[in-house]
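> Okay, here's the structure, questions in a sec.
What follows draws every value from the coordinates through simple rules; no lab data is involved. The structure displayed is predicted, hence computed values, not measured ones. Using ideal geometry, Cβ is built from the backbone for each residue, glycine included, and neighbour counts are taken over all protein chains shown.
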Amino acid sequence: MKVANWNVEWMNDWFVSDSEAAAWRPRVERGDRPVEDVQGLAARVAAVIRTIDPDVLALQEGPSRVAEMELFVADHLDGSYVLLGPSGKGQQKLYTLVRRDGPTAAAYSSARDLIDLASSWEVDLDGRLTLEEYAFTRAPLIVVLRDCGRDVLLVNLHTKSKFVQNGARRWREPSERQGYIVDAMRNRRRIAAELMRARLWIDAKLRADEETPIIVAGDLNEGPGLDFFESFYLSHDSVAIVAGSPFDPRIMLRHAFIDSEDRERNWTARFDDFIDGVLDRPLLLDHILLSQSLNWGAFEASRIEHEAFEAELRPELPGRAGRPSDHRPQSATFRF
């Protein structure tokens, strides 16, 4: 079984928002660099997926309506995947695609678990030692993969956005920098809160049964200034939160591909980091994490799918039109 993970940039832009039935836009206005051929872009995204050839695909930034994702699968993936989901609010939703001739899959609800990921909880979001109600921006999408000897839980995650309006300008303007730092840290604390909540759910599952097979896949949304905020404001590394504590190593999650990729390939997105002053900075934003029973049992191989992605780049086209996404997909293969 091959499991892939991919944040496909703003799929919601591809579809007519006020159409009663799902319908493609012919073009997309995206700043001063529009996408002139939406279906051509969708075809290249589908070509990446076909090259990777996953049995299961955890997808982030899917469209807001199920019918729109169904249209993409029907028109560009030959209807060969069943959809589970979506989860999330607004225009960026989580979906999991399962091949029709692949593993049997079903949605999983955490409503009866010790930690219900669909409900709100209390957390200190601004460091003032005051608790307030908070809920996931996009609740994790959990599916059960069967036909694997034992049910495997796949947790599809896309944490809250770290985006701060006019962030680069505010950072560079001395009179506005502190206000930007406050807003950026609040976003980082929200991301940390979401990942800690997911980790508490994982803890409960693995403490009840350490052999529970769990895959966590998704975009964990580290923002600009990772080094700055960790060094001066003691913000948390997002992967470390969800991976678990070394004081309980038996229920820590193992990273699927960080040890198998060469250092220069160990990134999934590139952005200008205006805080740390690094242009076109390679960042590892997307991850596949495995429970110990999977890592030492069924896990075989993994990779960041650079070649499949780069085959569909069109450098002659501007901006969004020229790339399948602003994130690169990853995959992990298992034998049960």
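> Using a 7 Å offset from the Cα along the Cα-to-Cβ direction at both Leu234 and Gln165, what is the distance between the two label points in nm, to one decimal?
Each label point is offset 7 Å from its Cα along the Cβ direction, giving 3.1 nm.
> Here's something else I'd like to know. In percent, how large is the relative contact order of the chain, given Cα pairs closer than 8 Å and 6 or more residues apart?
Relative contact order for the chain comes out at 20 percent.
> In terms of modelled amide H atoms, which long-range or inter-chain residues lie less than 5 Å from the amide H of Asn7?
The list, which skips near neighbours in sequence, is Gln60.
> Here is a follow-up. Starting from 0.36 nm per residue, how many nanometres of slack lie between Ser245 and Asp147 once their C-alpha separation is accounted for?
Result for the pair: 32.2 nm of gain on full extension.
> If the label point is 7 Å along Cα→Cβ of Glu316, which residues in the stretch 12-40 have backbone nitrogen under 16 Å from it?
Flagged as within label range: 36-37, 40.
> Something else about it: Anyone know which of Glu70, Glu29, Glu211 comes out most mobile in the 10 Å Cα GNM of the chain?
Highest fluctuation of the listed residues: Glu29.
> Given the alpha-carbon gyration tensor of the stretch 83-233, what are the semi-axes of its equivalent ellipsoid in whole angstrom, ordered largest first, with each equal to the square root of 5 times an eigenvalue?
The answer is 34, 17, 13 Å, longest axis first.
> Here is a follow-up. For the chain, what number results from the quotient of the Cα radius of gyration and 2.2 N^0.38 Å?
So the Cα radius of gyration is 0.98 times the expected 2.2 N^0.38 Å.
> With θ taken as phi - 60° and the coefficients 6.51, -1.76 and 1.60, list the Karplus ³J(HN,Hα) couplings across the stretch 4-17 in order, rounded to whole Hz; mark glycine and proline as x.
Couplings: 10, 9, 7, 8, 9, 3, 6, 4, 4, 5, 6, 10, 6, 6 Hz.
> While we're on this one: Please compute the length gained on full extension between Gln91 and Glu210, using 0.36 nm multiplied by the number of residues separating them and subtracting their Cα-Cα distance.
So the extension gain works out to 39.2 nm.
> Full-extension gain between Asp276 and Glu29, please, as 0.36 nm times their residue separation minus the C-alpha to C-alpha distance.
Details: separation 247, 0.36 × 247 = 88.92 nm, distance 3.07 nm.
Contour length minus Cα-Cα distance gives 85.9 nm.
> With +1 on each Lys and Arg Cβ and -1 on each Asp and Glu Cβ, how big is the dipole of the chain about its Cα centre, in debye rounded to the nearest 20? Write out the running numbers ahead of the final one.
Details: 43 positive and 55 negative charges, 59 e Å.
Dipole of the chain, to the nearest 20 debye: 280 debye.
> Still on this structure, please answer the following. Near the amide H of Val278, under 5 Å away, which other amide H atoms are found, from residues 5 or more places off or on another chain, if H is placed in the peptide plane?
For Val278, the qualifying residues are Asp273.
> Can you tell me the relative contact order of the stretch 67-128? Whole percent, Cα pairs under 8 Å, sequence separation 6 or more.
In percent, rounded to a whole number, it is 19.
> How big, in percent, is the set of alpha carbon pairs in the stretch 202-319 lying more than 17 Å apart?
Value for the stretch 202-319: 65 percent of Cα pairs lie more than 17 Å apart.
> Kindly write out, for the stretch 140-150 in residue order, the coupling ³J(HN,Hα) from the Karplus curve 6.51 cos²θ - 1.76 cosθ + 1.60 (θ = phi - 60°), rounded to whole Hz, with x marking Gly and Pro.
So the Karplus estimates, Gly and Pro as x, are x, 9, 10, 10, 9, 9, 9, 6, 10, x, 8 Hz.
> I'd like the Karplus ³J(HN,Hα) series for the stretch 280-292: coefficients 6.51, -1.76, 1.60, θ = phi - 60°, whole numbers in Hz, and an x wherever there's a Gly or Pro.
6, 6, x, 10, 9, 9, 10, 9, 10, 10, 10, 5, 4
> Report relative contact order for the stretch 212-303 in percent, whole number only (criteria: Cα-Cα under 8 Å, sequence separation at least 6). Mind showing how you got there, number by number?
Numbers: 126 pairs, mean separation 38.9, N = 92.
With pairs under 8 Å counted, the relative contact order is 42 percent.
> Largest first and in whole Å, give the semi-axes of the stretch 163-208's equivalent ellipsoid, each being the square root of 5 times a Cα gyration tensor eigenvalue.
Ellipsoid semi-axes (Å, largest first): 35, 7, 5.
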